[in-house]
1. Only one of Val16, Val41 is touching a residue at least 12 places away in the same chain (Cβ under 8 Å), among the aliphatic types (A, V, I, L, M), assigned to a strand (DSSP E or B) and surrounded by 15 or more Cβ atoms within 10 Å (Cβ to Cβ). Can you tell me which?
2. Could you tell me which of the residues Thr166, Thr125 is among the polar types (S, T, N, Q) and in contact with a helix residue (DSSP H, G or I) (Cβ under 6 Å, 6 or more places away or on another chain)?
3. Would you mind stating whether Asn140 is exposed (fewer than 15 other Cβ atoms within 10 Å of the Cβ), within 13 Å of Leu92 (Cα to Cα) and polar (S, T, N, Q)?
4. Return the residues of region 7-60 that are among the aromatic types (Phe, Trp, Tyr) and either farther than 25 Å from His112 by Cα or modelled with pLDDT under 85 (or both); say none if nothing qualifies.
5. Of Leu142, Leu93, Leu100, Leu126, which residue is among the hydrophobic types (A, V, I, L, M, F, W, C) and part of a loop (DSSP other than H, G, I, E, B)?
6. Does region 75-93 contain at least one residue that is buried (at least 18 other Cβ atoms within 10 Å of the Cβ), closer than 20 Å to Met133 by Cβ and modelled with pLDDT under 85?
7. Sort out which residues of region 102-123 are more than 14 Å from the chain's Cα centre (by Cα) and buried (at least 17 other Cβ atoms within 10 Å of the Cβ), and write them in order of number.
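The values are calculated or read from the model by the stated rules, or taken from the named source; none is laboratory data. This structure is a prediction, so every number in the text was calculated from the model and none was measured. All Cβ positions, even for glycine, are placed from backbone atoms using ideal geometry, and neighbour counts span all protein chains on display.
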Amino acid sequence: MDVLVLDSQYDDLEEVKRMMTRKNSRFYLVNAKTIGADWKVLWYHPRGRGSTKRPAAIKIDVLLPGIMQLPSFDPYWIDHDNTRSLPTAPLLLVLLHKVLGWSERIDSTGHHYEKHRQDANDVATLAPLASRMGVTIHDNVLPDEFIESASEWVNDFIATYPKLRTRYHWRKIGFHTYA
């Protein structure tokens, strides 16, 4: 799960993670497994740290606008009325963030490269969902520059996975697909 922090006064990811653990005991920090790492990994479990009951703990990535080309957007678009009781980002941002992750991973090596398959499956699930829900790039949720960059990622995705048949959905969302 990703947490996007929109308030610019918080620019230290480690401090944001510590704040989350102080505010809610369901969040907790674990030392990163990377050799020489000086950061902590944030986890969430509905029953708190150490619980072995289902569901399993979820790794949380904290993101700031600008990281991974993520744009800032009007907090008005955050959904607070969902069944999970956690505020959620606009579906268009989630979908384009996932296709961006796919785009970066398919050009990488090792462990990161292996994750591109799961990203592709996620995109193939999210694009039809967004399309059916009436999400479009014309909703003015995200900046035009971000949409323009996303257009390249979308076309690369369609060209790489024509059998996933997402072209129709991308067009319905508002992308001019040429792949």
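1. Answer to the check: Val41.
2. Working: Thr125 fails: in contact with a helix residue (DSSP H, G or I) (Cβ under 6 Å, 6 or more places away or on another chain).
Residue meeting the stated conditions: Thr166.
3. Details: exposed (fewer than 15 other Cβ atoms within 10 Å of the Cβ): yes; within 13 Å of Leu92 (Cα to Cα): yes; polar (S, T, N, Q): yes.
Spelling it out, Asn140 is indeed exposed (fewer than 15 other Cβ atoms within 10 Å of the Cβ), within 13 Å of Leu92 (Cα to Cα) and polar (S, T, N, Q).
4. At the first step, the residues of region 7-60 found to be among the aromatic types (Phe, Trp, Tyr) are 10, 27-28, 39, 43-44.
Listed by number, the residues that qualify are Tyr10, Phe27.
5. Values: Leu93 fails: part of a loop (DSSP other than H, G, I, E, B); Leu100 fails: part of a loop (DSSP other than H, G, I, E, B); Leu126 fails: part of a loop (DSSP other than H, G, I, E, B).
Checking each option against the conditions leaves just Leu142.
6. Scanning region 75-93, I find at least one residue that is buried (at least 18 other Cβ atoms within 10 Å of the Cβ), closer than 20 Å to Met133 by Cβ and modelled with pLDDT under 85, so the answer is yes.
7. Ile106
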